[in-house]
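What follows is a set of notes on a single structure, which appears directly below.
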Amino acid sequence: MGAGRKPAHRVVPGLDTRAAVWEALRGFSGAFGVRDAAEQTRLGVDTVREYLTGLAAAGYLEEAGTLPVRGRPARAWRLPPG
């Protein structure tokens with residue numbers, strides 16, 4: 001674990017890593033990126049990317065194009081309506 005980083009299970013008091021990510025996703029009103037969710041949860045980008053990919057494969061997230069960022073375009077995600 002890197003210096004200054006909290007253990008993943010202690011990022012949001014009372015929530016485990018997956019619950020913390022899910023809670024953050026529910027707070028977005030539109031499209032969001034992996035970095036947006038990582039910043040909200042204070043988890044690593046790779047951890048959040050892996051979880052979002054799994055949620056998309058299960059049908060809980062859908063792709064929403066790309067986000068305007070420097071370098072390679074970042075995939076945008078959103079919760080499906082409903």
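Quick note: the coordinates plus some simple rules give every number you see, no bench work behind them. Bear in mind the structure is a predicted one, so any value in this text is a computation, not a measurement. Reconstructed Cβ throughout: ideal geometry from the backbone, glycine too, with neighbour counts over all protein chains shown.
Placing unit charges on the Cβ atoms of the charged side chains and taking the dipole of the range 28-82 about its Cα centre, the candidate lying farthest along the positive direction among Val45, Leu55, Gly82 is Val45.
Fully extending the segment from Arg42 to Arg78, taken as 0.36 nm per residue of separation minus the present Cα-Cα distance, adds 11.0 nm. Database remark: amide H of Ala76 closer than 5 angstrom to the amide H of Ala64, Gly65, Thr66, Leu67 (H placed geometrically; neighbours at sequence offset of 5 or more, or on other chains; Pro and chain starts carry no H).
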